[in-house]
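To start, the structure under review is shown below, and the notes come after it.
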Amino acid sequence: MTGITEPRGMTKASLRGISWLVYVFFYAPILVLIIFSFSDNRNVGVWGGFTTSWYADFAQDSKLTGALSNSLQIAVVATLISVVLGTMAALALERFSFRGKQVFDALLYLPVIIPDVTMAVMLLLFFTQAAKWFGFSKGFSTIALSHIAFCISFVSIVVRARLAGMDDKLEEAAMDLYASRWQAFRYVTLPLIMPGILGGALLAMTLSLDDVVITQFVTGAGWSTLPVYVFSLIRKGVTPLINAVSVVMLVASMVLVALSLLTQRLRGDDPA
Amino acid sequence: MGETRDAHETTTAADAVAISGVTKRFGDVVAVDNIDLNIADGEFFAMLGPSGCGKTTTLRMIAGLEFPTQGSLKIFGDEVGTLPPNKRPVNTVFQNYALFPHMNVLDNVSFGLRMQNVGRSEAADRARALIKLVQLEGMERRKPSQLSGGQQQRVALARALVNKPKVLLLDEPLGALDLKLRQEMQNELKSLQRELGVSFVFVTHDQEEALTMSDRIAVMEDGRLLQVGSAEDLYERPANRFVADFIGQTNLVDATVADSDTIVLGNGSKVRATTSLGSGSKVAMSLRPEAISIGPRGSAPADHSEESLDGIVSSSTYLGHAVDYRVSVDWIDLEVRAGAIGAQQRFSPGDEVSLWWDRAANWVVAD
């Protein structure tokens with residue numbers, strides 16, 4: 001079956017070659033990372049036989065597991081709050097017209113555009129000032145707030161894209177069929193934008209889990225997330241322990257993606 | 001135009017919908033301009049007009065999807081002006097149907113009942129009965145995307161009717177269907193309405209659809225209500241030039257009123273016609289193509305001497321059931337439609353002919 005859309009001859013060969021190059025470029029480092037996390041040699045890049053001891057070290061290193069637990073807590077809190085706020089912002093921008101809408105729209109996307117370092121400095125200054133007034137210490141709350149601040153933008157972009165593709169007559173139809181505003185949202189709008197919300201949540205969680213720059217600026221003494229801690233370890237010298245940590249994070253994020261795809265497939269939402 | 005509005009002018013408690021003095025503005029734009037309209041219980045009522053005339057806005061105000069800027073809107077005697085749609089005893093069949101894409105047919109149809117806290121099994125039973133009524137048995141588990149346009153249309157109908165609305169609103173419900181299916185659905189809608197005895201308020205821009213389906217029709221233009229009446233009223237006694245032109249085909253001849261019995265056409269010829277407008281008023285004479293008789297020059301009957309014009313055939317088109325002539329009469333062209341079967345004579349371009357009509361066939365409208 002050959003048609004005009006099917007590549008032939010040289011085109012076909014070179015397309016295939018380039019595809020493989022791209023796959024290698026993407027996945028070879030991951031493969032190397034995984035292989036060397038099982039290497040029984042302190043030097044990364046030198047194979048010293050198979051071992052799982054780096055994973056055992058990771059599990060026993062209380063600083064590492066503490067940082068991992070911090071990362072997860074922050075990611076969960078930041079994701080939950082930014083998904084709710086980001087979705088609300090998207091709904092407001094897509095469904096209602098109000099005074100200052102364009103300004104709000106532009107401000108909402110600022111964190112996506114401005115460099116991380118700028119954002120980090122801004123937040124640091126803000127928290128330093130705020131600490132004087134309200135007297136809180138830097139650490140969990142400041143990191144969580146910072147992550148929420150930039151995650152909202154990404155969530156609302158993803159949710160808005162989904163909302164824009166939805167026929168707004170559907171909500172009218174629901175209300176015509178005796179649904180209150182809340183019920184119209186719950187049974188019609190929400191199920192239809194759920195893929196967007198899950199996508200946004202996934203993005204927020206990923207961004208929160210691997211943020212280094214902003215977290216490093218706004219964190220307090222003795223308080224660290226996993227990426228920030230790993231970054232500080234690298235300065236002392238790289239061991240396959242870092243590989244093991246990275247593999248764990250990689251597996252965790254793949255599980256997240258798989259879960260989000262699965263929930264979208266299983267979801268059969270019917271009213272009440 | 002007051003004279004052609006009919007007897008439904010006065011509000012009674014039995015009116016399904018009573019609109020009085022309703023205006024709707026969107027910013028500076030007046031979408032609906034001070035209209036009065038009464039729709040009787042059990043009536044098949046059409047709102048007809050070109051796009052942007054305010055017919056859909058009026059329908060949406062009855063549904064509660066828009067609120068009037070001004071005026072009163074009653075459904076069976078109850079003022080519903082700013083009541084939200086979920087508090088009104090009306091349901092809507094939306095243009096393009098607005099079926100919930102994530103629900104199957106059964107869930108779509110039972111949605112309204114579930115929102116009114118009808119139990120799950122009772123809602124499903126009542127929904128199944130309606131699905132049967134619209135002949136979609138066996139499709140309960142399908143998603144809207146797996147249905148054809150006609151089937152989606154039926155789901156939309158069932159979804160609205162399952163709630164036993166006191167008034168069913170339909171916004172261009174047949175617009176997305178192809179011609180054959182549209183004619184089928186016209187008949188089905190009409191018989192469904194008769195069976196249920198519920199008022200249907202139907203918005204369309206298709207005048208033929210409005211004429212064939214409705215008990216009464218409201219013609220709108222630029223947010224104003226131009227005329228309300230039966231198909232015959234609108235066709236034979238249009239209230240003004242716009243209605244005469246919009247409903248069916250007609251020849252509109254500019255004229256001036258001479259006295260209550262005579263009008264003067266553009267070329268100075270006098271024609272007998274009844275009008276209540278004062279002498280000197282600018283009017284138009286509406287002559288339907290099929291109401292004009294055609295014959296050889298000088299053949300106009302003597303008793304029609306003051307309802308006739310002479311002209312030259314400029315084109316003739318054979319339509320099967322009729323022949324369409326364009327006849328040049330001095331300063332204008334007139335369209336004449338003559339029966340093809342059993343016609344004594346056929347005319348060719350260049351033939352000199354006389355045209356005449358019955359006095360009752362011409363209708364004078366204000367300009």
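The values are calculated or read from the model by the stated rules, or taken from the named source; none is laboratory data. Quick caveat: nothing in here was measured; it's all calculated off a predicted structure. Ideal geometry is used to build each Cβ from the backbone, glycine not excepted, and the neighbour counts take in all protein chains shown. In case anyone asks, the SASA skips ligands and DNA or RNA and just uses the protein heavy atoms, side chains included. Shrake-Rupley method; radii C 1.70, N 1.55, O 1.52, S 1.80 Å.
Mind checking which lysines have their C-alpha under 23 Å from residue B:270, skipping anything on the same chain fewer than 8 residues away?
Within reach: B:282.
Quote the charge dipole size of the stretch B:249-366 about the Cα centre in Debye, to the nearest 20; the model charges only the Cβ of Lys and Arg (+1) and of Asp and Glu (-1).
On the way: 9 positive and 15 negative charges, 32 e Å.
Result for the stretch B:249-366 is approximately 160 debye, rounded to the nearest 20.
Output the 0 to 90 degree angle, nearest 10, between the alpha-carbon long axis of helix B:105-115 and the longest principal axis computed from the alpha carbons of chain B.
Approximately 70 degrees, to the nearest ten.
Which value, in Å², gives the accessible area per residue of chain B when a 1.4 Å probe is used on the protein heavy atoms? Mind dumping the intermediate values first?
Values: 15960 Å² over 367 residues.
The answer is 43 Å² per residue.
Return the whole-Å distance between the Cα centroid of the stretch B:323-367 and the Cα centroid of the stretch B:18-66.
38
What ranking of B:357, A:20, A:54 comes out by heavy-atom accessible area, probe 1.4 Å, highest first? Walk me through the numbers on the way to the answer.
Numbers: B:357 0, A:20 160, A:54 25 Å².
Descending order: A:20, A:54, B:357.
Kindly state, to the nearest 0.05, the FRET efficiency for residue B:194 paired with residue A:25, given R0 = 56 Å and r defined as their beta-carbon distance.
Details: r = 70 Å, r/R0 = 1.26.
The value I calculate is 0.20.
Amide H neighbours of residue B:25 under 5 Å, at least 5 residues apart or on other chains, H built in the peptide plane: list them.
B:31, B:69
Which whole-number percent gives the relative contact order of chain A, counting Cα pairs below 8 Å spaced six or more residues apart? Could you put the intermediate results ahead of the total?
Details: 265 pairs, mean separation 83.4, N = 272.
Reported as a whole number, the value is 31 percent.
So for the stretch B:249-366, what are the equivalent ellipsoid semi-axes in whole Å, largest first, each being the square root of 5 times an eigenvalue of the Cα gyration tensor?
Values: eigenvalues 131, 35, 33 Å².
For the stretch B:249-366, the ellipsoid semi-axes come out as 26, 13, 13 Å.
Could you list which residues have their amide H under 5 Å from that of residue B:258, counting only those 5 or more apart in sequence or on another chain, with H placed in the peptide plane?
Those lying under 5 Å, H to H, from residue B:258 are B:263, B:264, B:280.
For the pairing of chain A with chain B, what total accessible surface becomes buried, with a 1.4 angstrom probe, in square angstrom to the nearest 100?
Values: alone 16560 and 17050 Å², together 31390 Å².
The contact between B and A buries close to 2200 Å².
Post the alpha-carbon centroid distance, the stretch A:132-205 to the stretch A:23-99, in whole angstrom.
23
So how tilted is helix B:179-196 from the main axis of chain B? Cα-based, degrees 0 to 90, rounded to 10.
Orientation of helix B:179-196: about 70 degrees from the principal axis.
Give the accessible area for residue B:232 in Å² (nearest 10); use a 1.4 Å probe, count only protein heavy atoms, and leave out ligands, DNA and RNA.
The accessible area of residue B:232 comes to roughly 110 Å².
Please work out the Cα center distance from the stretch A:222-250 to the stretch B:170-237, rounded to the nearest Å.
What the calculation gives is 72 Å, centre to centre.
With +1 on each Lys and Arg Cβ and -1 on each Asp and Glu Cβ, how big is the dipole of the stretch A:14-171 about its Cα centre, in debye rounded to the nearest 20?
Working: 11 positive and 9 negative charges, 64 e Å.
Using only the charged Cβ atoms, the result is roughly 300 debye.
Provide the per residue accessible area, probe 1.4 Å, for chain A, rounded to a whole number of square angstrom.
On the way: 15430 Å² over 272 residues.
I get 57 Å² per residue for chain A.
How much accessible surface does residue B:145 have with a 1.4 Å probe, in Å² rounded to 10?
Residue B:145 has an accessible surface of roughly 110 Å² with all protein chains in place.
Kindly state, as a whole number, the per residue volume in cubic angstrom of the convex hull around the alpha carbon atoms of the protein assembly as shown. Please list the in-between numbers first.
Details: hull volume 179.7 nm³, N = 639.
Output value, Cα hull per residue: 281 Å³.
State, to one decimal in nm², a quarter of the convex hull surface area for the C-alpha atoms of the stretch B:160-219, i.e. the direction-averaged projected area. Intermediate values should be presented prior to the final figure.
Values: hull surface 16.5 nm².
Averaged projected area of the stretch B:160-219's Cα convex hull equals 4.1 nm².
If you take each beta carbon of peptide B:91-104 and count the beta carbons of other chains within 10 angstrom, what is the mean? Before the final figure, lay out each step's value.
Numbers: counts 4, 6, 2, 6, 1, 2, 3, 10, 4, 11, 6, 10, 7, 2.
Average neighbour count from other chains, rounded to a whole number: 5.
Report, to one decimal in Å, the Kirkwood hydrodynamic radius for the stretch B:121-170 based on all distinct Cα pairs.
Kirkwood hydrodynamic radius for the stretch B:121-170: 11.3 Å.
Calculate the dipole size of chain B relative to its Cα centre from +1 charges on Lys and Arg beta carbons and -1 charges on Asp and Glu beta carbons; express the result in debye to the nearest 20.
On the way: 37 positive and 49 negative charges, 386 e Å.
The dipole of chain B has a size of about 1860 debye.
FRET efficiency for residue A:99 and residue A:43, Cβ-Cβ distance as r, R0 = 56 Å, nearest 0.05? List each step's numbers first, then the result.
Numbers: r = 63 Å, r/R0 = 1.12.
The formula returns an efficiency of 0.35 here.
For chain B, what % of the accessible area comes from carbon and sulfur atoms, probe 1.4 Å? Show your work: numbers first, answer last.
Numbers: 7370 of 15960 Å².
The nonpolar share, carbon plus sulfur, comes to 46 percent.
In the stretch A:151-180, what residues drop by 50 Å² or more of accessible area when the other protein chains are put back, versus the chain on its own? Use 1.4 Å, and skip ligands and nucleic acids.
Residues of the stretch A:151-180 that lose at least 50 Å² of accessible area once the other chains are added: A:169, A:170, A:172, A:175, A:176, A:177, A:178.
Relative contact order for chain B: what is it in percent, counting Cα pairs under 8 Å that are at least 6 residues apart? Could you put the intermediate results ahead of the total?
Numbers: 783 pairs, mean separation 57.8, N = 367.
The normalised contact order for chain B reaches 16 percent.
Per residue of the stretch A:135-140, in order, report the coupling 6.51 cos²θ - 1.76 cosθ + 1.60 (Karplus, θ = phi - 60°) as ³J(HN,Hα) in whole Hz, putting x for Gly and Pro.
x, 10, 9, 7, x, 3
Tell me, what % of the accessible area of the stretch A:49-88 is carbon and sulfur with a 1.4 angstrom probe?
Working: 1410 of 2010 Å².
For the stretch A:49-88, the apolar C and S fraction of the accessible surface comes to 70 percent.
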